[in-house]
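Trainee: Shown below is the structure under consideration.
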Amino acid sequence: MHRFQPSSPRGATSAAALLLAAWMAGAPIGAQDLVTINFVNADIPSVVKAIGGHTGKNFIIDPRVMGNMNIISQTPVTKDVAYQILLSALRVHGYAAVEEKGAVKIVPEADAKTSGGIPGAGGAVPVSGDRIVTQIFALQNESAAQLVNVLRPLVAPNNFIGAYPNNNMLVITDYAENVKRIARIISSIDVPSAVDVAVIKLTHASAVDVSNLLKGLMPEAISNPANPGQPPKLGFGVDARTNSLIVRADTPALVTRVRTLVAGMDVPGAGSGNVHVVQLKNAEAAKLAEVLRGLLNASSSTAPAGPPTITSTTTPATLAAAAPATAPASNIQADQATNSLIISAPENVYNGLRSVIEKLDQRRAQVAIEAIVVELTTSAAAEFGIQWQDLSGLRRTDGSQVIGGTNFGTTGNIIGAASNLSTIGGGLNVGLVRGRINIPGVGEVIGLAGLAKALESDQRANILARPTILTLDNVEGSITVGQTVPFISGQYTQTGTTGSATNPFQTITRQDIGLKLKVTPLVTVGGVQLKIEQEVSSIAPTALTATALRPVDLITNKREIKTTAIAEDGDILVLGGLIQDDTKGSDSKVPLLGDIPLIGNLFKYQSKTKERTNLMVFLRPLVLKDANATAAHSLDRYEYIRREQGVTLPEPNLLLPEAKGSVLEAAPKKK
């Protein structure tokens with residue numbers, strides 16, 4: 001047995017040297033395994049070196065580790081105990097030991113969490129003492145995010161605890177002995193809850209009505225806002241087939257309370273017990289009453305003769321069988337003012353109807369349909385030609401008059417240009433003028449001997465619309481953006497005895513011209529089925545440029561798509577494509593002369609036109625299944641229009657008075 005009793009760092013080093021010398025000299029085994037440690041105001045690196053020599057461990061000391069420590073051992077200890085004593089002493093002084101790759105690093109405690117070894121995941125910690133370790137706990141029953149708040153005070157301030165919600169895991173870096181203690185706490189908490197489930201069959205009352213009533217009466221059925229994500233202590237379900245109430249409770253005492261309440265409500269009705277009022281939450285009372293009356297009529301027509309067998313199923317045949325032949329007729333009326341159903345029926349028939357009402361009175365999904373309508377039209381035209389004429393014969397004095405020339409009947413022909421140069425038209429026009437000539441019966445015109453004309457045009461049109469429709473599932477939604485234009489649909493003029501018109505009149509029909517979109521969405525398991533009617537109409541440009549525009553002169557262009565397609569929620573569906581590609585060419589020439597290579601171009605007039613029209617409709621359905629989704633979508637559109645308003649406001653001007661436009665206020669925060 002050896003004793004370390006240094007009073008200074010030098011003494012610690014000498015003691016370590018004596019100990020190593022004794023081992024090398026072959027000291028007895030018992031003496032080698034036990035040592036008495038006494039360090040008084042000893043330098044920390046020297047203490048680590050001395051105990052390292054006894055335990056055989058390799059130490060790496062961070063330069064920031066400094067100071068003196070006191071360790072007093074009254075009885076001999078083994079080398080393992082000596083090592084644990086060193087770790088505890090380091091922890092007292094704010095340092096920690098981290099074992100990595102055959103060495104022990106001594107670092108400040110705040111840095112130890114970045115180097116802690118991982119001994120295991122989800123099980124017991126295989127090491128102990130005051131060394132830093134990292135442990136991963138996979139929870140089976142409790143929420144890791146909620147358990148972090150409970151365990152955080154138990155972890156050293158400089159160490160780490162966190163949750164990974166995706167796999168419901170806890171990650172803890174701390175001293176091994178403390179991690180083992182936390183592991184025991186987790187194993188005690190992470191156990192299945194003592195949930196009690198009971199089925200309560202009702203004889204007289206409706207399970208749906210009783211369930212709704214209990215949800216409003218018992219506070220245990222409401223989630224605790226302090227524990228978000230935690231289910232309530234009490235939950236209810238309904239089995240419409242057997243008219244039973246299914247109860248889930250955290251404790252048997254809650255189940256007993258529910259049984260007592262249900263027993264008090266499940267009794268035959270007294271007085272007007274056969275008349276029930278059902279307030280609807282989502283469905284329309286008038287339409288639902290019509291459906292239920294049809295259900296009862298179908299049940300009556302298929303009811304078997306003889307004594308019926310009363311069951312609790314909700315099919316039409318079952319409802320008929322549930323009502324005896326001598327039972328009073330059932331009656332269903334709708335109160336539109338309160339959107340309620342008034343049902344007069346025996347209790348067993350009412351119970352069957354009540355389960356049907358509960359299934360039909362559900363919040364219907366809404367579908368926001370974002371549409372982009374793009375029509376691209378391109379038109380290219382080119383013309384080139386040369387025209388000649390010789391009017392010199394009109395100048396001859398010998399009486400002979402010979403003239404000639406070429407005229408291809410195009411816009412800006414040489415004959416029209418000779419009398420009025422403004423009729424030549426657009427493009428490049430080059431002419432050869434030889435004075436003025438008097439044509440008998442016409443008058444004096446320009447002696448235009450030659451005219452070369454070249455023109456190339458390129459027109460593009462981009463019509464873009466972005467309508468958005470919000471409609472209920474399986475309900476048609478439509479939007480129209482355009483103008484109402486008058487069209488003459490008929491006219492009548494009566495001729496009088498003098499031949500003049502009397503009492504003339506015209507009938508005019510007004511039609512919407514512009515963008516029309518009708519969509520009927522149907523939310524299915526495979527996506528959203530869309531019944532689409534898309535129309536884009538416009539007034540033809542020739543009618544728009546007419547000098548005297550009348551309703552009878554209007555000509556409209558119309559593009560229409562009618563189809564049914566299926567798209568996934570949030571995906572983009574494209575309809576349409578290339579609808580017109582028109583190319584035309586025209587060559588006018590003088591026979592024989594126009595066929596001569598190169599020179600023949602002097603006796604030709606050529607023109608080409610090409611028109612191409614593309615129409616594409618892009619639809620993107622967004623299914624809004626609940627109120628939160630609808631509110632988020634509406635808020636996004638609201639903020640978008642607020643931003644657009646800010647862009648369109650006029651900028652301040654020092655020379656003009658300030659003109660402020662109305663801007664939407666910020667959307668109120670949802671409580």
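Trainee: How many nm is it between the label spots at Ile415 and Ser634, if each spot is 7 Å from the Cα in line with the beta carbon?
Mentor: 7.2
Trainee: Which one, His633, Leu649, Ser662, projects farthest toward the positive side of the charge dipole computed for region 605-671 from Cβ point charges (K/R +1, D/E -1)?
Mentor: Farthest along the dipole direction, towards plus: His633.
Trainee: Also, I was wondering about something else. Sorted by accessible area with a 1.4 angstrom probe, largest first, how do Leu575, Leu664 fall? Walk me through the numbers before you get to the answer.
Mentor: Working: Leu575 20, Leu664 65 Å².
Correct descending sequence by accessible area is Leu664, Leu575.
Trainee: Could you order peptides 166-174, 142-150, 564-572 by the average number of other Cβ atoms within 10 Å of their residues, highest first? Working shown, then result.
Mentor: Details: 166-174: 18.4, 142-150: 15.8, 564-572: 13.3.
Result, highest mean first: 166-174, 142-150, 564-572.
Trainee: Run the quick spin-label model on Leu654 and Thr423: label points 7 Å from Cα toward the beta carbon, then report their separation in nm to one decimal.
Mentor: Here the modelled spin labels are 5.9 nm apart.
Trainee: Can you give the local net charge around Ile386? Use residues other than it whose beta-carbon is closer than 11 angstrom to its beta-carbon, Lys and Arg +1, Asp and Glu -1.
Mentor: Numbers: positive: Lys453, Lys589, Lys604; negative: none.
That works out to +3.
Trainee: Would you please classify the overall shape of region 617-671 from the alpha carbon gyration tensor, given that a ≥ b ≥ c denote the square roots of the eigenvalues, rounded means a/c under 1.5, and beyond that prolate means a/b larger than b/c while oblate covers the rest? Write down the numbers at each step before the final one.
Mentor: Values: a/c = 6.40, a/b = 2.09, b/c = 3.07.
Oblate, since a/c reaches 1.5 and b/c is not below a/b.
Trainee: Another question, then. Using θ = phi - 60° and the Karplus curve 6.51 cos²θ - 1.76 cosθ + 1.60, what whole-Hz ³J(HN,Hα) does each residue of region 470-478 get, with Gly and Pro shown as x?
Mentor: Using θ = phi - 60°, the values come out as 10, 9, 6, 4, 6, 10, 5, x, 9 Hz.
Trainee: By its C-alpha gyration tensor, with a ≥ b ≥ c as the square roots of the eigenvalues, how is region 586-655 shaped: rounded for a/c under 1.5, else prolate for a/b larger than b/c, else oblate? Each step should come with its number before you reach the end.
Mentor: Numbers: a/c = 10.71, a/b = 2.48, b/c = 4.32.
Here region 586-655 falls in the oblate category.
Trainee: Going by amide H atoms built from the backbone, whose H comes under 5 Å of the H on Phe160, apart from near neighbours?
Mentor: Thr173
Trainee: Hey, another quick one. Loop-only trypsin sites (Lys or Arg not before Pro) in region 559-661, please: DSSP not H, G, I, E or B, and at most 11 other Cβ atoms within 10 Å.
Mentor: Working: sites: Arg559, Lys562, Lys584, Lys589, Lys604, Lys608, Lys610, Arg612, Lys625, Arg637, Arg642, Arg643, Lys660; in loops: Lys625, Lys660.
Counting only loop positions with at most 11 other Cβ atoms within 10 Å, the trypsin sites (Lys or Arg not before Pro) in region 559-661 are Lys660.
Trainee: Another question, if that's okay. Counting Lys and Arg as +1 and Asp and Glu as -1, each charge on the Cβ, what is the dipole of region 125-207 about the Cα centre in debye, to the nearest 20? Write down the numbers at each step before the final one.
Mentor: Working: 6 positive and 6 negative charges, 8 e Å.
About 40 debye.
Trainee: Ok, one more. List, in the order given, every pair from Lys281/Lys562; Lys562/Lys610; Lys589/Lys610; Lys215/Lys518 whose Cα-Cα distance in the structure shown is over 30 Å. Walk me through the numbers on the way to the answer.
Mentor: Working: Lys281/Lys562 35 Å; Lys562/Lys610 28 Å; Lys589/Lys610 22 Å; Lys215/Lys518 42 Å.
Where the Cα-Cα span goes over 30 Å, the pairs concerned are Lys281/Lys562; Lys215/Lys518.
Trainee: Just to verify a number: FRET efficiency for Asn41 and Lys79, C-beta to C-beta distance, R0 = 30 Å, to 0.05? Don't jump to the answer; show the numbers that get you there.
Mentor: Values: r = 24 Å, r/R0 = 0.79.
Efficiency, rounded to the nearest 0.05: 0.80.
Trainee: So which lysines can Lys101 reach, going by Cα to Cα under 30 Å and dropping same-chain residues fewer than 8 places off?
Mentor: Lys49, Lys57, Lys79, Lys113, Lys180
Trainee: Could you tell me the calculated FRET efficiency between Arg612 and Ile136, based on Cβ-Cβ distance and R0 = 56 angstrom, to the nearest 0.05? Write out the running numbers ahead of the final one.
Mentor: Details: r = 64 Å, r/R0 = 1.15.
It comes to 0.30.
Trainee: Find out how many positive minus negative residues lie around Glu220, taking Lys and Arg as positive, Asp and Glu as negative, among other residues whose Cβ is under 13 Å from that of Glu220. Could the numbers behind the result be given before it?
Mentor: Values: positive: Lys215, Lys233, Arg248, Arg257; negative: Asp196, Asp250.
Local net charge: +2.
Trainee: Give me the distance in nm between label points sitting 7 Å out from Cα along the Cα-to-Cβ direction at Tyr164 and Ser457, one decimal.
Mentor: Inter-label distance under the simple model: 7.0 nm.
Trainee: Under a 1.4 angstrom probe, counting protein chains only, how are Tyr175, Tyr95, Tyr492 ranked by accessible area, largest first? Could you put the intermediate results ahead of the total?
Mentor: Details: Tyr175 0, Tyr95 30, Tyr492 115 Å².
Largest accessible area first, the list is Tyr492, Tyr95, Tyr175.
Trainee: How would you rank 177-188, 361-372, 591-602, highest first, on the average number of other Cβ atoms within 10 Å across their residues? Walk me through the numbers before you get to the answer.
Mentor: Working: 177-188: 16.2, 361-372: 18.1, 591-602: 11.6.
Highest to lowest by the protection proxy: 361-372, 177-188, 591-602.
Trainee: Just add up the charged neighbours of Asn601: K/R +1, D/E -1, any other residue whose Cβ is under 12 Å from the Cβ of Asn601.
Mentor: 0
Trainee: Can you list the HN-Hα couplings for region 139-147, worked out from phi with the Karplus curve (6.51, -1.76, 1.60; θ = phi - 60°), rounded to whole Hz and with x for Gly and Pro?
Mentor: With coefficients 6.51, -1.76 and 1.60, one gets 7, 9, 10, 8, 7, 5, 5, 6, 6 Hz.
The values are calculated or read from the model by the stated rules, or taken from the named source; none is laboratory data. Owing to the predicted nature of the structure, the values given are computational and were not obtained by experimental measurement. Neighbour counts run over all protein chains shown; Cβ positions are idealised from the backbone, glycine included. The area values use the complete protein model at the heavy-atom level, side chains included, leaving out ligands, DNA and RNA. Shrake-Rupley method; radii C 1.70, N 1.55, O 1.52, S 1.80 Å.
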